[in-house]
Amino acid sequence: MIKKILDTRHMDSEKTVFYCSRCINSNQRPGLTFDEQGVCDACQYSDLKEKVIDWNEREKELVSLLDKYRSRDGSFDVIVPSSGGKDSCFVAHQLKHKYNMHPLAVTWAPAIYTDIGWQNLQSFRHAGFDTVLCLPDGKVYAKLARLGFELMGDPFWPWHYGQRAFPLSMAVKFKIPLIIYGEMTRVEYGGGKALWYKPNETYEDLKNYFHMNTKGVDSMVEEGLKYGLIDNGDLSSIDLYRLPPLEEAGKLGTEVHWFSYYKKWIPQENYYYASTNCRFKPNPKRSEGTYSKYASLDDKIDGLHFYMQYIKFGFGRCTSEASQEVRSGHINREEAVALANKYDGEFPQEHFKECLEYMGITEEEFRNVVDKFRPPHLWEKIDGQWHLKTRLK
Ligand SMILES: [Zn+2]
């Protein structure tokens, strides 16, 4: 096992755990801030969404952005990074049919496709969208997933890199001036107060994102080479995980925007929209670690990603989803607490064996890495069993 930890955010957070007084967001969420009443910034932003932001004005801003870039000859004028999930269906479909744009959907493949994820991507394509799908070398992807797991406590890292780099590389390749992502997660779920009034992402932001706590994918590769987990023959694939030379993207002037800045973002409504317009299908059963059936469905290592979030920060996928539903008024705080105490941290058993095989590690190695990422202020071991020290109330 590699001893080194590249992403230390879970160790740097406040040592006393508390929760938002309105939703159930935890102060362990990276970057989350609270006001004097103990209300988190996601809840504060949700008040802005409901009471302050003029969504008609925002739509006008969107229209003027799109008017600036809409092509006259039918060539692609906007890239929508897309998984075929409910949110990207909503964005691509609105851009094409409501705003007369010519979107090119760009998909960075998950580590291991689920059947439902693959079906949804097909439905999306058949709903009338040109889609460029990148299927990066599966062996290298798997090695990076293992490195992400061991060094950052999350096998999902190569996906994060690819999903942000590849659309920009395609923008440079096809000379497309605009990229529109769906939701600005940190604004909607908390921890992104500085981004509340920001529609777009600059190259500087992108570079910061890519070097978050590290030198990006290159620091993973560096360690991988040292430990023999990556070899020189793999290096040509790594380029796909890096941003294209920013001079090229800069010359082209490609802008990166967030649809959630322009449109009031309600995941449940995106789901109904995508079901109606793109034949999007939810999972036949609830996802492990939560009660929902329609979010983050396409990757078999998703469950591990959310499980590791629970280990590192003490809150799981259910806390995030239930908090969001409190904010949109679908459930109350008491119901959210009950749901989170029931589902948060549920072990992702369904694809566990396959994920271990994929990363090439044994169950014992897996447990050791998990324990390496438990911050002592969150976890204690009683009679050989790990417990969270603070329970959500
Ligand atoms: Zn809150």
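The values are calculated or read from the model by the stated rules, or taken from the named source; none is laboratory data. Small disclaimer: the values here were computed from a predicted structure and weren't measured. Every residue, glycine as well, gets a Cβ built from its backbone with ideal geometry; the counts of neighbours run over all protein chains shown. Areas reflect the complete protein model, heavy atoms only, side chains present, ligands, DNA and RNA absent. Shrake-Rupley method; radii C 1.70, N 1.55, O 1.52, S 1.80 Å.
A few remarks follow.
- Scan of region 337-393 for residues that are in contact with a Lys or Arg (Cβ under 9 Å, 6 or more places away or on another chain) and of a type in the set (Ser, Thr, Tyr), ordered by number: Tyr343, Tyr358
- The one condition in (1) farther than 30 Å from Ala127 by Cα; (2) at pLDDT 95 or above that Lys15 fails to fulfil: (2)
- Inspection of region 147-168 finds a residue satisfying the criterion of being among the small types (Gly, Ala, Ser) and in contact with a strand residue (DSSP E or B) (Cβ under 9 Å, 6 or more places away or on another chain).
- Evaluating Arg279 against the criteria (1) closer than 29 Å to Arg125 by Cβ; (2) among the basic types (Lys, Arg); (3) modelled with pLDDT of 95 or more; (4) touching a His at 6+ places or on another chain (Cβ under 9 Å) leaves one unmet condition, (3).
- Residues in region 47-79 that are within 16 Å of the ligand (Cβ to nearest atom) and over 15 Å from Pro199 (Cβ atoms): Asp47, Glu50, Lys51.
- Residues (farther than 15 Å from Pro81 by Cβ, in contact (Cβ under 8 Å) with a residue 12 or more places away in the chain and part of a helix (DSSP H, G or I)) located in region 233-268: Asp234, Leu235, Ser237, Ile238, Leu246, Glu248, Gly250, Leu252, Tyr261, Tyr262, Pro267, Gln268
- Filter result for the condition that a residue is closer than 18 Å to Arg327 by Cα and of a type in the set (Lys, Arg), over Lys68, Lys49: Lys49
- Note on region 316-393: enclosed helices (runs of 4 or more DSSP H) holding 2 or more residues that are open to solvent by 50 Å² or more (accessible area, probe 1.4 Å) are 333-343, 352-359, 363-372.
- Consider region 201-253 and keep the residues that are farther than 16 Å from Leu147 by Cα and acidic (Asp, Glu). The one that is surrounded by the most Cβ atoms within 10 Å (Cβ to Cβ) is Glu201.
- Qualifying position, being open to solvent by less than 10 Å² (accessible area, probe 1.4 Å) and of a type in the set (A, V, I, L, M), among Ala127, Ala109: Ala109
- Residue that is most open to solvent (accessible area, probe 1.4 Å), among those in region 62-89 that are under 15 Å from Lys175 (Cβ atoms) and of a type in the set (S, T, N, Q): Ser75
- Residue-level check: of (1) closer than 17 Å to Cys278 by Cβ; (2) outside any helix (DSSP H, G or I), Asn120 misses just (2).
- Filter result for the condition that a residue is open to solvent by 60 Å² or more (accessible area, probe 1.4 Å) and either closer than 22 Å to Trp108 by Cβ or touching a Cys at 6+ places or on another chain (Cβ under 8 Å) (or both), over Lys293, Lys281, Lys264: Lys281
- Enumeration of residues in region 158-183 that are in contact with a His (Cβ under 9 Å, 6 or more places away or on another chain) and open to solvent by less than 10 Å² (accessible area, probe 1.4 Å): Leu178, Ile179, Ile180
- Enumeration of residues in region 28-46 that are farther than 21 Å from Leu392 by Cβ and within 10 Å of the ligand (Cβ to nearest atom): Tyr45
- Selection within region 90-106: residues that are in contact with a Pro (Cβ under 6 Å, 6 or more places away or on another chain) and either small (Gly, Ala, Ser) or not in a strand (DSSP E or B) (or both). The member of this set that is surrounded by the fewest Cβ atoms within 10 Å (Cβ to Cβ) is Lys96.
- Residue pairs meeting the criteria (Cβ under 9 Å; at least 6 apart or on separate chains; first of a type outside the set (D, E, K, R) and away from the ligand (no atom under 15 Å from the Cβ), in region 1-27; second outside any loop (DSSP other than H, G, I, E, B) and open to solvent by 50 Å² or more (accessible area, probe 1.4 Å)): Met1/Glu365; Met1/Asn368; Ile2/Lys226; Ile5/Met11
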